[in-house]
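Working notes for the structure below.
The values are calculated or read from the model by the stated rules, or taken from the named source; none is laboratory data. None of the values given here were measured: they were computed from a predicted structure. Cβ coordinates were reconstructed from backbone atoms using ideal geometry, including for glycine residues, and neighbour counts include every protein chain displayed.
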Amino acid sequence: MRIYITGASCAGVTTLGHNLACSLNLRHVDVDDFYWLPTNPPFTTKRPPAERVCLIEQALGDQGWVLTGSFDGWGDALIAHVDLIVFVITPTPVRLERLAAREQQRFGNRIAPGGDMHAIHLAFREWASQYDDPAFSSRSRVRHEAWLSRQTAPVLRVDGERSAEDMLAHTLRAVARGPHTTGHRGLADNR
């Protein structure tokens, strides 16, 4: 089984991926672990796309896996033969609350005014806040929906406001039912 989980930043994609991989005894690989070069402060230098793809391919291996994150066009070859795509949908205010809590936990005073990551944090928050804006030219809901409409693999939509346990249970039920039960154009509802 090969499952790709995507959505907006702080939607719950990585958490669902980790929990799903543990439940199904599959390898979990997150795109963000390969997107950025290791720098201090972090998240300042992008790794070249070809290098990202190569490293992710190596990490995935030949067995089943759960891959989480967003490619936005540069890594589609990695999921050409995926069994299921899971799209986590979470309202922007909820995502921004999660983003603030996560960044505070990870970086503490580094993101506070005067900290070496304050400007990076503010820029990330501004970028993440625009996901639902149809005019936003970067990773956005509009771009995700357009990409999803072109996929041949079944797509399961999951409500990211639900608890981690509910999201996992919903996804496991869809996996157990198989791709033939996902509905019109491969889209599943959120039951």
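When residue 12 is tested against the conditions (1) surrounded by fewer than 21 Cβ atoms within 10 Å (Cβ to Cβ); (2) at positive phi, the lone failure is (1). Can you pull out every residue in segment 81-93 that is in a helix (DSSP H, G or I) and β-branched (Val, Ile, Thr)? 92 - this is the single residue of segment 81-93 that is in a helix (DSSP H, G or I) and β-branched (Val, Ile, Thr). Residue pairs whose Cβ atoms lie under 7 Å apart, sitting 6 or more positions apart in sequence or on different chains, and linking a residue in segment 46-75 that is surrounded by 15 or more Cβ atoms within 10 Å (Cβ to Cβ) to a partner that is part of a strand (DSSP E or B) and among the acidic types (Asp, Glu), are 68/30; 69/30. Output the residues belonging to segment 115-140 that are in contact with a His (Cβ under 9 Å, 6 or more places away or on another chain) and within 18 Å of residue 6 (Cα to Cα). 131, the sole residue that qualifies. Residue count for segment 139-171, restricted to those that are within 15 Å of the chain's Cα centre (by Cα) and over 19 Å from residue 94 (Cα atoms): 7. Summed over segment 15-34, the residues that are among the small types (Gly, Ala, Ser), closer than 14 Å to residue 166 by Cα and surrounded by fewer than 22 Cβ atoms within 10 Å (Cβ to Cβ) give a count of 1. Counting only residues that are part of a helix (DSSP H, G or I) and more than 24 Å from residue 164 (Cα to Cα), segment 99-116 holds 4 of them. Selection within segment 143-191: residues that are modelled with pLDDT under 95, small (Gly, Ala, Ser) and in contact with a Lys or Arg (Cβ under 8 Å, 6 or more places away or on another chain). The member of this set that is farthest from residue 15 (Cα to Cα) is 149. If you check 55, 96, 67, 78 for being closer than 11 Å to residue 4 by Cβ and assigned to a helix (DSSP H, G or I), only one passes: 78.
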